[in-house]
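The block underneath contains the structure these notes are about, expressed in structure tokens.
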Amino acid sequence: MNEYLRDVYVVDAVRTPIGRYGGALSSVRPDDLAAGVLRGLLDRSPGLDPALIGDVLFGNSNGAGEENRDVARMAVLLAGLPVTVPGATVNRLCGSGMEAVIQAARAVALGDASIAVAGGVESMSRAPWVLPKPERAFPAGNQQLYSTTLGWRMINPRMPEEWTIPLGESAELIADKFGITREAQDVFALASHRKASQAWQDGAYDAEVVPVDGVDLPRDEGIRDDTSLDALARLKPVFREGGTVTAGNASPLNDGAAALLLADEAGVAEIGREPLARIRAGAVTGIEPQYFGLGPVEAIRKALTKAGRGFGDLHTVELNEAYAAQALGCLAALPDLDSGLLNTRGGAIALGHPLGASGARIAGAVAHQLAEAGSGTGLAALCIGVGQGLALVLER
């Protein structure tokens with residue numbers, strides 16, 4: 001750590017249970033989801049005066065619906081924090097929640113804030129349809145609506161066509177590149193569900209999941225305890241005739257929120273709690289958009305180098321499972337990464353992938369796993385649509 005930079009600690013991390021598209025959380029506005037997880041986080045640190053929070057940063061991928069007026073600031077106000085607490089919303093698509101963590105950590109490290117909150121939120125159920133403004137008033141004929149739930153919309157015609165293919169077709173390209181079979185993807189997906197189910201049974205998520213007011217959702221809604229390889233094999237490819245990517249070996253559409261409490265040493269003393277972990281380094285990289293799923297590969301290498309760590313130093317790894325093919329492609333490109341450390345409590349295929357929240361969720365998950373272990377180095381990483389990768393190294 002640079003002598004002029006402060007150490008940054010994750011004091012606590014929480015998330016909601018993740019809801020399925022159109023499911024248990026679909027009636028909850030995204031700004032209310034964000035406010036609820038922020039309130040849930042602060043209620044666990046009663047010694048903290050909320051007025052001491054220097055900033056609140058939330059990631060959000062959509063921004064076109066009920067979260068449109070700077071959802072971080074809306075969360076601050078709706079959660080009943082002092083109006084003097086500011087808030088900013090950041091967007092790095094699927095990496096938005098982790099981007100918020102990195103930006104908030106940077107502010108603490110530089111001394112701009114002693115205490116900060118970072119998180120992310122997404123309601124894919126409530127993502128609106130949008131209507132482009134016409135070039136002239138009162139156009140004749142029908143106008144086209146675009147769904148903002150996921151993926152490209154209103155594409156710039158100057159963008160190369162190969163960059164704007166569906167995300168699932170990108171996963172097919174990765175499967176082609178590494179020779180990843182349909183069976184391998186289904187095996188990976190089944191393992192995600194089994195690990196997630198077992199983790200909930202073992203109480204592994206008890207320390208990080210907080211309820212959503214007025215909603216009866218005892219655990220992540222997308223976990224399928226009864227799925228099997230036979231059931232997964234019966235699903236048809238979605239993106240390519242004769243392809244390998246199905247609804248069963250891809251992450252679903254989801255709703256949820258997550259938040260982390262960050263502080264320097266003075267802030268930790270003010271809060272009066274033992275931190276879960278320390279943030280060591282983060283990194284972001286770019287890649288060809290059609291291979292966006294491989295974005296974490298170089299980001300992971302870069303973050304580990306910045307942290308002065310190697311693959312052999314890792315004790316736990318959370319790699320967001322946008323698609324089984326994408327996660328397996330990253331593992332194939334990172335032969336030194338022990339796959340046995342990966343997503344030991346299930347990943348996004350089972351737990352869900354509420355876009356703007358996922359980066360904060362997996363960062364918090366790593367922090368909790370390190371605290372439970374008592375020591376070690378952890379890694380969290382995501383692929384990002386339009387060709388980026390983001391990684392974060394934590395330690396205890």
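The values are calculated or read from the model by the stated rules, or taken from the named source; none is laboratory data. Keep in mind that this is a model prediction, so the values were computed, not measured. Every residue, glycine among them, receives a Cβ derived from its backbone with ideal geometry; neighbour counts consider all protein chains shown. Surface accessibility is based on the protein's heavy atoms, side chains included, excluding ligands, DNA and RNA. Shrake-Rupley method; radii C 1.70, N 1.55, O 1.52, S 1.80 Å.
Quick one: would you say VAL37 is closer than 20 Å to PRO211 by Cα, open to solvent by 10 Å² or more (accessible area, probe 1.4 Å), touching a helix residue (DSSP H, G or I) at 6+ places or on another chain (Cβ under 9 Å) and touching a residue at least 60 places away in the same chain (Cβ under 8 Å)? The answer is no for VAL37.
Just one of (1) of a type in the set (A, V, I, L, M, F, W, C); (2) crowded, with 24+ Cβ neighbours inside 10 Å; (3) more than 21 Å from GLU99 (Cα to Cα) fails for VAL56. It is (3). The residue of the range 164-180 that is farthest from ALA231 (Cα to Cα), among those that are of a type in the set (A, V, I, L, M, F, W, C) and either under 22 Å from the mean Cα position of the chain (by Cα) or open to solvent by 10 Å² or more (accessible area, probe 1.4 Å) (or both), is ILE165. Within the span defined as the range 307-319, one or more residues are touching a residue at least 12 places away in the same chain (Cβ under 8 Å) and under 22 Å from PHE58 (Cβ atoms).
Among the residues of the range 181-197, none qualifies, meaning not one is part of a loop (DSSP other than H, G, I, E, B) and either surrounded by 15 or more Cβ atoms within 10 Å (Cβ to Cβ) or at pLDDT below 95 (or both).
Looking at the range 24-35, is at least one residue among the hydrophobic types (A, V, I, L, M, F, W, C), at pLDDT 95 or above, under 16 Å from the mean Cα position of the chain (by Cα) and assigned to a helix (DSSP H, G or I)? Checked against the condition, which is being among the hydrophobic types (A, V, I, L, M, F, W, C), at pLDDT 95 or above, under 16 Å from the mean Cα position of the chain (by Cα) and assigned to a helix (DSSP H, G or I), the range 24-35 yields at least one hit. Among the conditions (1) surrounded by fewer than 24 Cβ atoms within 10 Å (Cβ to Cβ); (2) within 19 Å of ALA13 (Cα to Cα); (3) polar (S, T, N, Q), the only one that THR84 does not satisfy is (2). When the range 194-212 is filtered for residues that are closer than 18 Å to ALA324 by Cβ and in contact with a Gly (Cβ under 7 Å, 6 or more places away or on another chain), the ones remaining, listed by number, are LYS195, ALA196. Among the residues of the range 1-49, those that are small (Gly, Ala, Ser) and within 18 Å of HIS368 (Cα to Cα) comprise ALA13, GLY40, SER45.
With respect to the conditions (1) more than 18 Å from ALA105 (Cβ to Cβ); (2) open to solvent by less than 10 Å² (accessible area, probe 1.4 Å); (3) of a type in the set (D, E, K, R), ASP336 lacks only one, and its number is (2). Which residues, taken from the range 343-375, are small (Gly, Ala, Ser), open to solvent by less than 10 Å² (accessible area, probe 1.4 Å) and not in a helix (DSSP H, G or I)? Hits for the range 343-375 are GLY346, GLY347, GLY352. Given (1) over 17 Å from the mean Cα position of the chain (by Cα); (2) modelled with pLDDT of 95 or more; (3) surrounded by fewer than 24 Cβ atoms within 10 Å (Cβ to Cβ), identify the lone condition not met by TYR21. Failed condition: (1).
In the range 362-379, the residues that are closer than 16 Å to VAL14 by Cβ form Cβ pairs under 8 Å with partners that are part of a helix (DSSP H, G or I) and open to solvent by less than 10 Å² (accessible area, probe 1.4 Å), at six or more places apart or across chains, as follows: ILE362/MET98; ALA363/GLY97; ALA363/MET98; ALA363/VAL101. Can you say whether ARG6 is of a type in the set (D, E, K, R), over 16 Å from ILE271 (Cα atoms), open to solvent by less than 60 Å² (accessible area, probe 1.4 Å) and modelled with pLDDT of 95 or more, as far as the supplied structure shows? Criteria not met by ARG6.
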